[in-house]
1. Assuming 0.36 nm per residue, please report the length gained on full extension of the stretch D97 to R26 beyond their Cα-Cα distance.
2. Hey, with R₀ at 30 Å, roughly what FRET efficiency would K224 and K253 work out to, going by the Cβ-Cβ distance, to 0.05?
3. Estimate the FRET efficiency between F104 and K159 by the formula 1/(1 + (r/R0)^6), using the beta-carbon distance for r and 25 Å for R0, to the nearest 0.05.
4. Counting only C-alpha contacts under 8 Å and six or more residues apart, can you give the relative contact order of the stretch 227-319 as a whole percent?
5. Hey, any idea what Rg/Rh is for the stretch 196-252, computing Rh the Kirkwood way over Cα pairs?
6. Can you tell me which of 86-94, 471-479 comes out highest on packing, and rank the rest after it, using the mean Cβ neighbours within 10 Å?
7. If the convex hull of the alpha-carbon atoms of the chain is projected onto planes in all directions, what is the mean projected area in square nanometres?
8. Taking only the Cα atoms of the stretch 301-448, how large is their convex hull per residue, in Å³?
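Any read-out appearing in this document is the output of simple, stated calculations on the displayed coordinates, not a laboratory observation. What you see is a predicted model; the values in this text were computed from it and never measured. Note that we place each Cβ from the backbone using ideal geometry, even for glycine, and neighbour counts take in every protein chain shown.
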Amino acid sequence: METKIDALVIGAGFAGLYQLHCLRNRLGLSATVLEAGEDLGGTWYWNRYPGARCDSESHAYRYFFSRELNEEWEWTERYPGGAEILRYLGRVAEKFDLRRDIRFGCRAVSAHYDEPANRWIVETDAGERYAVTYLVAAVGCLSSANVPDIPGLGEFGGKWYHTAHWPHEGVDFGGKRVGQIGTGSTGIQAAPVIAQAAAHLTVFQRTPTHSVPARNAPLTPEFKRWVRENHEEIRAVARSTPNGHAFRIAERKVADVTPEERQAIYEAAWEKGGLQFRATFRDLMIDQAANDTAAEFLKSRIRAIVRDPKTAQALADIDHPYAAKRPPIDTDYFQTFNRDNVTLVDLRADPIERVTPRGIRTRAAEYALDIIVFATGFDAMTGPLLAIDIRGRGGRALREDWRAGPQTYLGLQVPGYPNFFTVTGPGSPSVLTNMPVAIEQHVEWITDCIAHLRRNGIDAIEPDPEAVARWGAHVNETANATLLSKAKHSWYYGANVPGKPRVFMPYAGGLARYRGICEDVAAKGYEGFLLMRRGERGLPAVRGSAAGEFAPARGPGI
Ligand code: N01
């Protein structure tokens, strides 16, 4: 049985829900969302590990498209927890009547472009088949879990879990010896909570990283009122800043202030907590000497908090500039290592050799464990797309075309894959931003683009390969202009997944600048894209068309 509809969206997280709303409720198209999970929420559906909470502040972690929705919804804490975000998305789905067009528990396994008919044939793991004109991948950037291939895992006598596939009924750590591998944003959130419940927690750390206290707290009635009354202002800030957060980056540079003033600024930012620490000076991400001052401040905090000097040294021996890897924020992470039931294993000094039936064996010791928690991150950005067998013109496979790294125009489209759109795809600001703001921008651009095609009798759109090459060069150049390029072992470069090409995947030029570029491209009649009408013999072959230059980076984009 083949279902014929205008548009298919893959994924029912923030991106897929809004995309469905736009395509169906605004453009009047027939549209369906396929969602592998049994309910909506995307990343929040899967990542239910202990301590899962958003690092973006709640007043900016939301959709901004509906003032009414914002007036009806009130977050309870400074950072929304996973369960509250799921309730929020449930409310959104209810308000815009989205559930009726979402197929839950339904994984898209293949998407093949049928060139003569100019349509996409999408098949699911349940054997369902959809024929659609527009295909939108809203699969998320961080939805393919990375479970490292450690020898012996299959022989482990206890239980193991990856944080991104956390059992919905929870895990009982009571009386258990737990080993946690990974100390990125997830591991740093999970460890303090696991340590409180477990008999013993052993944290296996490969790369230490800086972290700033989140300082989460319930929102006061005054703050809630302020949020309600300042919707437009909050929206305007989030849309105009490089990261899509509702705070501005300071105008000053580190060298503009005295060392004493700088120390006071860092101390105030530490007390305030959160990702705003990165916004204390505008040159933190482009000037190594400036960054060193922040990094040194944060390392000094670790040494001040952690009582055991050897553990403190292992936690503070950080090999990359502050925020060159995604900076975590935490609730009592470093304090956790002062507990009697917590041990840190420095894998750089003593690497893991294998998992044994009893636990984890490093070169120097064996750690007996009942539970292993993998907080080992994701095959980010490209992983979720390549998990689907996507084939474009002439049967070309995305897995082949992206063998050396992703090729996109603006992170929105792939050459050779007409009418296929990616929300927050590689080459877009995405993971360097507060995601809902980046998602809204993409979804609205895609919606306007599809409206344009239909208004003008255009059958298909795909990027000009020349524009794609220029965009790829611009993405690289922009990353190289920042200190992000000093952490070549980060997941931004795909370095956490063995065999993955080392390519900087997100766009580091900043969301505000990126938004301007996308608007400009559309205003110029979709410059750099090929707009095609079907003739008697299908779509015309791809020809080159001019793409404009992208303005060089002027300030820090991240
Ligand atoms: O994953 P990560 P994550 N042996 O890749 C280690 C977002 N997020 O899930 O650094 C031993 O950052 C790895 O070590 P190394 C956010 O964008 C958002 O923590 O590769 N260790 C690292 O310590 C974030 O950046 C929020 O040397 C291994 C850790 O595992 C992104 O998700 C919350 C290993 C993985 O860290 C990913 O964060 C959480 C191995 N074989 C996450 N393989 C919120 O806003 C990997 N590691 C709520």
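1. Working: separation 71, 0.36 × 71 = 25.56 nm, distance 1.29 nm.
Here the answer is 24.3 nm.
2. Working: r = 35 Å, r/R0 = 1.18.
The computed FRET efficiency comes out at 0.25.
3. So, using R0 = 25 Å, E works out to roughly 0.40.
4. On the way: 68 pairs, mean separation 18.3, N = 93.
Once normalised by length, the contact order is 20 percent.
5. Numbers: Rg = 18.1 Å, Rh = 15.5 Å.
Using Cα coordinates only, the ratio equals 1.17.
6. Numbers: 86-94: 17.1, 471-479: 19.4.
Highest-to-lowest ranking by the protection proxy: 471-479, 86-94.
7. About 25.3 nm², averaged over all directions.
8. Working: hull volume 26.9 nm³, N = 148.
Value for the stretch 301-448: 182 Å³ per residue.
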